[in-house]
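Down below is the structure, laid out as structure tokens.
The numbers here are math on the coordinates, done by the rules we state, and not lab data. Predicted model only: the values in this text are computed from it and were never measured. Every residue, glycine as well, gets a Cβ built from its backbone with ideal geometry; the counts of neighbours run over all protein chains shown.
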Amino acid sequence: MVWEPDSVGYLVRVGDLAPDFTIALTDGSEVTLSSLRGKVVMLQFTASWCGVCRKEMPHIEADIWQKHKENPEFALIGIDRDEPLETVIRFGHSVGVTYPLGLDPGADIFALYAERKSGITRNVLIDRDGRIVMLTRLFNEEEFRALTEKINSML
């Protein structure tokens, strides 16, 4: 399904089945989104040059990842936009995140969810059936609090 982008560049909508993809993580493993069915999944689109991402990621680490990382029904993947492995590893260390980061060469995964030329940071929350339940754009404390509350309620 091809949508016209919304006001912030998303091509997907709440209620849509999340577009499937396979991503290589910085540890060398690969994850396919559809293999995570049955879990609550959060995708965070990011890049090292994104100042807002650098501001948001420590909050994701503290308020979401540290709270739910031991829960087998939760998955979080940071999807780095079009940067090489070494850059992504350094970026993760510099912002102090321990959640999995993956590589998105050419921003091809990003382009499944939003217009390729549109900005980041973005978070996509997906339910156990693979449907999108929340979309965020930029870092807004009220919206972030709503995201954490939604994750808490789903788990």
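Below are the figures for this structure:
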{"item": "Modelled FRET efficiency - R0 41 Å, E30 with K117, Cβ distances, 0.05 increments", "result": "0.95"}
{"item": "Reachable lysines, given that their alpha-carbon falls under 18 Å from the alpha-carbon of K150 and they are not under 8 places away in the same chain", "result": "K39, K67, K69"}
{"item": "Sites excluded, GluC sites (Glu not before Pro) in DSSP loops with at most 14 other C-beta within 10 Å, longest stretch of the chain", "result": "74-155"}
{"item": "The chain, dipole about Cα centre (Lys/Arg Cβ +1, Asp/Glu Cβ -1), debye to the nearest 20", "result": "160 debye"}
{"item": "DSSP-defined beta bridges in the chain - what % are antiparallel, rounded to 5", "result": "60 percent"}
{"item": "Part-to-part distance (alpha-carbon centres) for region 110-155 and region 1-79, which is given in Å", "result": "7 Å"}
{"item": "Rounded FRET efficiency, nearest 0.05, which uses the C-beta distance separating L85 from V8 and R0 of 30 Å", "result": "0.55"}
{"item": "Rg to Rh, two decimals, where region 29-155 supplies the alpha carbon set and Rh follows Kirkwood", "result": "0.92"}
{"item": "Gain on full stretching of the segment that runs from D20 to S48 - 0.36 nm per residue minus C-alpha separation", "result": "7.7 nm"}
